[in-house]
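Visitor: Sharing a structure here in structure tokens format.
What follows draws every value from the coordinates through simple rules; no lab data is involved. Just so it is clear, the structure is predicted and the values come from calculations on it, not from any experiment. Positions of Cβ are backbone-derived with ideal geometry, glycine not excepted, and every protein chain shown enters the neighbour counts.
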Amino acid sequence: MRISFLGTGAAGGVPLYGCACIACSRAQDQARYQRRPCSALIEHGDTRVLIDAGLMDLHERFAPGSLNAIVLTHFHPDHVQGLFHLRWGRGAAIPVHAPPDADGCADLYKHPGLLDFQRLAKFEPVRIGALTFTPLPLIHSKPTFGYAIEADDGTRFAYLTDTLGLPAATEVFLKSWQADGLALDCSFPPSQEPLRGHNDWTLALASIAAVAPKRTWLTHVGHALDAWVIATAPALPAQVTMALDGESVDLGRSSAQPC
């Protein structure tokens with residue numbers, strides 16, 4: 001299974017418009033540190049599935065017929081805004097699997113165009129080509145799913161973004177599931193203030209320790225977290241790294257090394 005992190009940024013991205021902090025200044029000078037809307041491409045054999053659709057150039061990145069499906073974590077704009085242009089294309093319908101959110105985002109439901117929305121249910125697996133996606137409930141301000149993704153060779157990868165900690169049932173599932181890899185929301189530096197909708201550094205590391213994946217990539221990173229990391233150079237546990245836009249990883253049952 002190959003995971004490509006197409007975007008690793010929190011809403012607003014890095015550099016943040018109008019910000020001159022150390023992280024935003026670095027990203028303006030060095031493109032490798034830019035963070036676009038959080039999304040990933042999952043590939044196994046001939047199966048290609050896009051998780052989240054916040055990138056505004058989806059119609060340029062993916063030729064017609066090149067995706068088996070799009071899977072959404074939730075309907076906040078930074079995770080679906082790329083669909084607004086894509087839907088007006090021509091050709092075969094694109095399956096879009098999503099949590100059961102009656103409101104969705106603006107008029108995507110009313111005028112779906114090419115998009116064939118299909119509602120998922122928590123803990124009920126759906127098969128997409130050579131991959132099985134199990135929706136895992138997360139803690140956020142809209143109905144939100146993470147996904148436990150298993151390839152037909154047994155490789156397991158969990159994608160959990162936009163969450164504040166983990167619901168008990170999701171944590172229990174992941175403990176027993178034993179993921180080869182995990183991508184986890186880590187939006188903020190350690191905070192003494194109440195958190196809203198997203199993990200800070202401390203909570204993300206606690207969740208990783210609880211579910212014990214073989215490897216973890218921190219994603220949905222905000223500019224304040226990047227700035228804190230630059231300033232403090234905090235130690236990370238072994239096999240935990242901060243994901244970067246454009247990074248690809250090959251996972252297998254016996255290996256979880258970056259390619």
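Visitor: What ranking of T132, T163 emerges when the number of other C-beta atoms within 10 Å of each C-beta is taken as an exposure proxy, fewest first?
Guide: T132, T163
Visitor: Would you order E193, E171 from fewest to most other beta-carbon atoms within 10 Å of each residue's own beta-carbon?
Guide: E193, E171
Visitor: Among L174, T216, C19, pick out the residue whose Cα is farthest towards the positive end of the charge dipole of the chain, where Lys and Arg carry +1 and Asp and Glu carry -1 on C-beta, about the Cα centre.
Guide: L174
Visitor: Please report, in debye to the nearest 20, how large the charge dipole of the stretch 1-90 is about its Cα centre when each Lys and Arg carries +1 at its beta carbon and each Asp and Glu carries -1 there.
Guide: 60
Visitor: Can I ask one more? Per residue of the chain, what 222 nm ellipticity follows from adding -39500 (n - 2.57) for every DSSP H run with n ≥ 4, rounded to the nearest 500?
Guide: It lands at -5000 deg cm²/dmol.
Visitor: So how compact is the stretch 106-193: Cα radius of gyration and Dmax in angstrom?
Guide: 15.0, 45
Visitor: Taking neighbour Cβ counts within 10 Å as the exposure measure, how do W217, W177 sort from fewest upward?
Guide: So the ranking, lowest neighbour count to highest, is W177, W217.
Visitor: Let me ask you something else. Just to be sure I understand the curve: with the Debye formula and one point per C-alpha of the stretch 121-259, what is log10 I(q)/I(0) at q = 0.11, 0.12, 0.13, 0.22 Å⁻¹?
Guide: With no solvent term, the Cα-only Debye profile gives -0.39, -0.46, -0.54, -1.47.
Visitor: Over the stretch 1-43, what is the mean sequence separation of C-alpha contacts under 8 Å (at least six apart), divided by residue count, expressed as relative contact order in percent?
Guide: 59
Visitor: Here's a follow-up. List, largest first, the extents of the alpha carbons of the chain along their principal axes, each in whole Å.
Guide: Ordered largest first, the chain gives principal extents of 50, 43, 35 Å.
Visitor: Can I ask one more? Mind listing the phi-derived Karplus ³J(HN,Hα) values for the stretch 34-49, rounded to whole Hz, using 6.51, -1.76 and 1.60 with θ = phi - 60°, and x for any glycine or proline?
Guide: 6, 10, 9, x, 5, 6, 8, 10, 10, 10, 8, x, 8, 8, 9, 10
Visitor: Something else now. Taking only Cα atoms and a 10 Å spring cutoff, compute GNM fluctuations for the chain and point out the largest among C21, C38, C186.
Guide: C21
Visitor: Which value, in debye to the nearest 20, gives the size of the charge dipole of the chain about its Cα centre, when Lys and Arg are +1 and Asp and Glu are -1 at the Cβ?
Guide: Charge dipole, the chain, about its Cα centre: 100 debye, nearest 20.
Visitor: If you don't mind, another one. How high is the relative contact order of the chain, in percent, with contacts defined as C-alpha pairs under 8 Å that are six or more residues apart?
Guide: 20
Visitor: Further question: When the C-alpha atoms of the stretch 65-162 are aligned to their principal axes, what extent does each axis show, in angstrom, from largest down?
Guide: Over the stretch 65-162, Cα extents along the principal axes are 37, 33, 19 Å.
Visitor: Which of L195, L203, L41 moves the most in a Gaussian network model of the chain with Cα springs under 10 Å?
Guide: It is L195.
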